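Step one of this worksheet: look at the structure below.
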Amino acid sequence: MPQPPAAASRDEPVIRDRGDACPGALRLHAADDGFLARVRIPGGLLGASQAAALALAADRFGDGHLELTSRGNIQLRGLAEGCGPGLAELLDAAGLLPAPSHERIRNIVASPLADPAAVRALDTTLCADPRAAALSGRFLFAVDDGRGDVAALDPDVTLLGRPDGRVLVRLGAAPDAAEVAAADAARAALEAALHFLAAAAAAGTLAWRIAELPDEHALESRQFTTRLIGRGIGARYVPHAPRPYADPPAPGVHGDALCVLIPLGRLTTAQWRELPGDLRVTPWRSVLVTDTAARPAGLVTSPDGPWESVTACTGRPGCAKALSDVRADARAVVHQARGQLAVHWSGCERRCGHPRAAAWVDLVATPEGYRLDGRPVPPNELAAAVADARSRPRVSEDAVKK
């Protein structure tokens, strides 16, 4: 399984010259295989009727597939030009667009085995405040029940549950935090987002995320705690906040839920419809279902299979920047390239969707073939080289964070 994340490093401030261009359900992205829609699924929580609506949308407007993203959202690809109004009407009727002005900022990952109430409270709070609509489509909230699974995903604002029923509010990768009552957690997360927006406006760099703020405008947890108190939220400054870590759920049964891994995060609508009842989509391209006896065809329902910790970007033909069909290449060697360390196949230097981990095998397509952790690999040695790299945990020298 993936290793705990490494701290992000930033040698120079990030200066943006535009707003982010993240696609949404209403803002479609033109890709090489048609238009793309990204439907935000806060906490991965999907009712059965909502899941059915997504499959219908993929069949009616797209290519008959759904993609799971590294933030637990759903992408529809191959959409026809001009389908936007019909798609929006279908999603809205299913309750997947509760606040059109906020639909791209509903980026909430959550511990998939936890009570979903905190996710719903945060989503409702964000959608009710018009100021939150100014966040970029990349700003990320995490609702972690205390085990440390989604807190490891490089969130901008983390709500970390504590055994005493209270919650730590962490800003980015800060070592400290503000502690609040669980009942105030959603309001505190909103205040954290507004605190960031104020700092970003003062910096004038059009930062999309907390880590992009220049040092002189970096957020301070002690100051944030004072802000919370001033807003009527009881808060306590915690100078040394805990940083728990837990692996994501492996394929298989977890109590009353079955974790189903989706190879490379892409499945047909027929496979999607085999997932019964209400769903919880995870940021690790898996889905939790309540029917522990379900065995959807072509999906992974038991641990230690070849697809665990294997990810890839879109690649060809969907992405114009990709230099190879990385998903086909990954499938060709997956059984011969097993290992414990995560591996990510990238169609270009951008490494879209790469793991948020300290150590992972970094495969990047080039015009001549693949480069593995910075070294060219002959095509006939690729499977063996990947298997060897996955058996020797280390930090990839060539890996970079977006």
Per residue value of the accessible surface for the chain (all protein chains in place, 1.4 Å probe), Å² = 42
Quick one: helix 185-203 against the long Cα principal axis of the chain, what's the angle to the nearest 10°, folded into 0 to 90?
-> 90
Using a simple spin-label model with points 7 Å from Cα along the Cα→Cβ vector, what separation in nm is obtained for ALA80 and ALA30?
-> 1.8
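Nearest 5 is fine: what % of DSSP beta bridges in the chain come out antiparallel, could you say? Show your work: numbers first, answer last.
Values: 45 of 59 bridges.
The antiparallel fraction comes to roughly 75 percent.
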Please give, to one decimal in nm, the separation of the simple spin-label points placed at ASP256 and ARG392, each 7 Å out from Cα toward the Cβ.
-> 4.8
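Which GluC sites (Glu not before Pro) does region 63-114 hold that lie in a coil by DSSP with at most 16 other beta carbons within 10 Å?
The qualifying sites are GLU81.
Could you tally the net charge around ARG166, taking each other residue with its Cβ under 12 Å from the Cβ of ARG166, Lys/Arg +1 and Asp/Glu -1? Mind dumping the intermediate values first?
Details: positive: ARG162, ARG236; negative: ASP164, GLU179, ASP184.
So the environment of ARG166 carries a net charge of -1.
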Where the accessible area of the chain is counted over protein heavy atoms with a 1.4 Å probe, how much of it, in %, is carbon and sulfur?
-> 53
Measure out, as a whole number of angstrom, how far apart the alpha-carbon centroids of region 53-115 and region 193-254 sit.
-> 27
A correct Stokes-Einstein calculation for the chain, using the alpha-carbon Kirkwood radius, 4 °C and 1.567 mPa s, returns a whole-number D in µm² s⁻¹ of 60
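What is the extension gain from HIS240 to ALA320, computed as 0.36 nm multiplied by their sequence separation minus the C-alpha to C-alpha distance, in nm to one decimal?
24.3 nm
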With DNA, RNA and ligands ignored, accessible area of LEU372 (1.4 Å probe; Å², nearest 10) = 10
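Using a 1.4 angstrom probe on the protein heavy atoms only, could you order LEU264, LEU197 from most to least accessible area?
Values: LEU264 5, LEU197 40 Å².
Of LEU264, LEU197, the descending order of accessible area is LEU197, LEU264.
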Which value in nm describes the separation of the simple spin-label points at ALA384 and SER302, placed 7 Å from the Cα toward the beta carbon?
-> 3.0
For region 115-128, take each phi angle, set θ = phi - 60°, evaluate the Karplus expression 6.51 cos²θ - 1.76 cosθ + 1.60, and give the result in whole Hz per residue in order, putting x for glycine and proline.
-> 4, x, 4, 5, 5, 4, 5, 5, 4, 4, 5, 5, 5, 7
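If packing is taken as the average number of other Cβ atoms within 10 Å across a peptide's residues, how do 316-327, 290-301 rank, most packed first? Write out the running numbers ahead of the final one.
Values: 316-327: 18.4, 290-301: 14.3.
By packing density, highest mean first, the sequence is 316-327, 290-301.
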Pair-distance profile P(r), taking every C-alpha pair of region 288-338, with 5 angstrom steps and integer % | 4, 18, 19, 19, 16, 14, 7, 3, 0
log10 of Debye I(q)/I(0), alpha-carbon scatterers only, for region 54-135 at 0.18, 0.20, 0.25 Å⁻¹ = -0.90, -1.06, -1.27
Furthest towards positive pole of dipole, GLY24, SER391, VAL238, structure part the chain, Cβ charges = VAL238
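Largest first, what is the accessible-area ranking of SER70, SER49, SER221 with a 1.4 Å probe?
Values: SER70 50, SER49 90, SER221 5 Å².
The ordering from most to least exposed comes out as SER49, SER70, SER221.
How much FRET efficiency would the formula 1/(1 + (r/R0)^6) give for HIS335 and ALA93, where r is the Cβ-Cβ distance and R0 is 41 Å, rounded to 0.05?
On the way: r = 42 Å, r/R0 = 1.04.
Between HIS335 and ALA93 the formula returns 0.45.
The values are calculated or read from the model by the stated rules, or taken from the named source; none is laboratory data. Nothing here was measured: the structure is a model prediction, and the numbers come from that model. Glycine gets a Cβ as well: all are built from the backbone with ideal geometry, and neighbour counts include every protein chain shown. The accessibility values were calculated without ligands, DNA or RNA, using every heavy atom of the protein model including side chains. Shrake-Rupley method; radii C 1.70, N 1.55, O 1.52, S 1.80 Å.
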